[in-house]
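> Before we start, here is the structure in question, set down as structure tokens.
The values are calculated or read from the model by the stated rules, or taken from the named source; none is laboratory data. Keep in mind the model is a prediction, meaning the values are calculated, not measured. Here the Cβ is made from the backbone with ideal geometry for all residues, glycine too, and neighbour counts use every protein chain on show.
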Amino acid sequence: MKKFNIFSPLVFTLLLLFSAGSQCGYENVDISEEKKMIEVLYGVEVYSDSFEFQVLSSGCTHNEHFKLQASQLNDNQISVQLIRTKKDLCRALPWLINIKVAIPFSDILYPEFIFTNPFKNKHSLKNTYGN
């Protein structure tokens, strides 16, 4: 009977491919309702029908991983908060991406938006990652 050597190049390659492929299933993990995360923002652009938020991604962050919580404070002020609903468990070096979300309360003429997320300066990333 032939012995099975786990250190052979073929077996090692197959194990490596299997372990790399199995990582893909972990990229979109739902976050429980209690642990939904208020996202740190690195920038916001306001357009006529949408917001474009700059957030940090490690490779597995997409628009559908966020929801917008908004409430009308008075006649023209709207409180806005971007919430992450899925963790990004990829391990690439983080970079900034843009997330586009439709503007709520589109019937208000000249709304004033108050963003309640924490903000960070995008230039601080250079110091963090040695760029």
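> Among the residues of the range 45-92, write down those that are within 16 Å of Asn117 (Cβ to Cβ) and charged (D, E, K, R).
Glu45, Glu52, Lys67, Arg84
> I'm trying to understand the selection: among the residues of the range 40-93, which are among the aromatic types (Phe, Trp, Tyr) and crowded, with 18+ Cβ neighbours inside 10 Å?
Selection gives Tyr42, Phe51, Phe53, Phe66.
> Among the residues of the range 122-131, is any within 14 Å of Val44 (Cβ to Cβ) and modelled with pLDDT under 95? Don't jump to the end; show me each part of the working.
First, the residues of the range 122-131 that are within 14 Å of Val44 (Cβ to Cβ): 122.
Of the ones still in play, those that are also modelled with pLDDT under 95 are 122.
Looking through the range 122-131, at least one residue is within 14 Å of Val44 (Cβ to Cβ) and modelled with pLDDT under 95.
> Counting only residues that are more than 17 Å from Val46 (Cα to Cα) and of a type outside the set (Val, Ile, Thr), how many does the range 73-89 have?
Going through the range 73-89 one residue at a time, the tally reaches 8.
> Cβ-Cβ distance below 7 Å, separation of 6 or more or different chains: which pairs start in the range 37-52 with a residue that is in contact (Cβ under 8 Å) with a residue 40 or more places away in the chain and end on one that is basic (Lys, Arg) and in a strand (DSSP E or B)?
Met37/Arg84; Glu39/Arg84; Ser50/Lys100; Glu52/Lys100
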